[in-house]
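Encoded as structure tokens, the structure appears first; notes follow it.
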Amino acid sequence: MSLNTFGHLFRVTTWGESHGPALGATVDGCPPGIAVSEDDLQVWLDRRKPGQNRYTTQRREPDAVQILSGVFEGRSTGTPIQLTIQNADQRSKDYGDIADKFRPGHADITYWQKYGHRDYRGGGRSSARETAARVAAGGVARAALAALVPGLTITGYMVQMGPHRIDRARFDWDEIGRNPFWTPDAQAAEDWAATLDALRKDGNSVGAMIEVTARGVPAGLGAPVYGKLDTDLAAAMMSINAVKGVEIGEGMAAAALTGTDNADEIAMGPDGPVYASNHAGGILGGISTGQDVVVRFAVKPTSSILTPRRTITRTGGETEIVTKGRHDPCVGIRAVPVAEAMAACVILDHLLLDRGQTGGQRGRIG
């Protein structure tokens, strides 16, 4: 299988399967001298790991990351950083029934059609378990960004579960870390808890909308046409399991606006340009404006449900299937730290690309 690497200068290759002995990432292109340790990365992995509350899969994985290379005396050396996470709580027997059946909504059938051979245990390479490696790599990216752009922050949060949206009038950055849904709306978190409890008891699932805001991104990241910052952000988010749609800034809602409504007016402030609004999501012509970079994506409902679904076997016979195992009733919850990690990798990559192309030179205003 090819194409397991993303990034241009800051490059990440992930490897491993859901029920294999381990998974991990090889990070190449991290600048030398960046302070990074296993404890630094573990903070982010602990936010993604399963079994933390009743709203996520009860698979028990410590997700303890090991740094095997590329770091010496607490700092990156500029050589590839090898990150490894051991799998500890596999129940491969839960998947014996799907060895010859294709689960509706899963990649079982497409992997078989493409490769003619697949690891059916937990979905193998197609499992969201792979995203633990991305979060570890994102931790490296965050460490580099903290050194190169102090004050830059990347925060993900859930803005919708099923048909239920947050009330942006109640948006509270501090609330995000206080509830199991990573939502900035305390009332929404309370309402969603009841909704998800009912779905979980029924063996059902629900979709969600996740938003990521990067604050403190300098102006000038990204390049016209094929090297756009939003192009790579959209691709990064679309690569996350179960994501079916991505928006930048106003996104699809921009289709309902007039040009007068959508254009972000510009004025001159004491420290440079200031914008009256941010419909563009902090990116114009593929290049960051210095405003908040805002990306949003939709996650489909978890396809592993207890309701019998019609399907076929490898031999073409028609049958029914009930997906056993331990699964998230809403994969959007654990998609939040994954999205933050992907955003960190992309923004660092574009920061390094900009340094290589322009040396940080900027056009003067005022």
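Would you mention how many residues in the range 183-196 are open to solvent by 30 Å² or more (accessible area, probe 1.4 Å) and out of contact with any Gly (no Cβ under 9 Å at 6 or more places or on another chain)?
The number of residues fulfilling the criteria is 5.
Within the range 187-213, residues that are over 22 Å from ALA343 (Cβ atoms) and assigned to a helix (DSSP H, G or I) reach partners that are among the polar types (S, T, N, Q) and open to solvent by less than 10 Å² (accessible area, probe 1.4 Å) with beta carbons closer than 9 Å, at six or more positions or on different chains, in the pairs ALA189/THR183; TRP192/THR183. If we keep just the residues of the range 308-352 that are touching a strand residue (DSSP E or B) at 6+ places or on another chain (Cβ under 7 Å) and part of a loop (DSSP other than H, G, I, E, B), which is surrounded by the fewest Cβ atoms within 10 Å (Cβ to Cβ)? Among those residues, the one meeting the criterion is PRO308. Among residues of the range 164-182 that are polar (S, T, N, Q), those with a Cβ under 9 angstrom from a residue that is open to solvent by 60 Å² or more (accessible area, probe 1.4 Å) and modelled with pLDDT of 95 or more, sequence gap 6+ or separate chain, pair up as ASN179/GLU190.
The values are calculated or read from the model by the stated rules, or taken from the named source; none is laboratory data. Values in this document were obtained by computation on a predicted structure and should not be read as measured data. We place every Cβ from the backbone using ideal geometry, glycine too, and count neighbours over all the protein chains shown. Ligands, DNA and RNA are stripped out before the accessible areas are found, and what is left, the full protein with its side chains, is counted by its heavy atoms. Shrake-Rupley method; radii C 1.70, N 1.55, O 1.52, S 1.80 Å.
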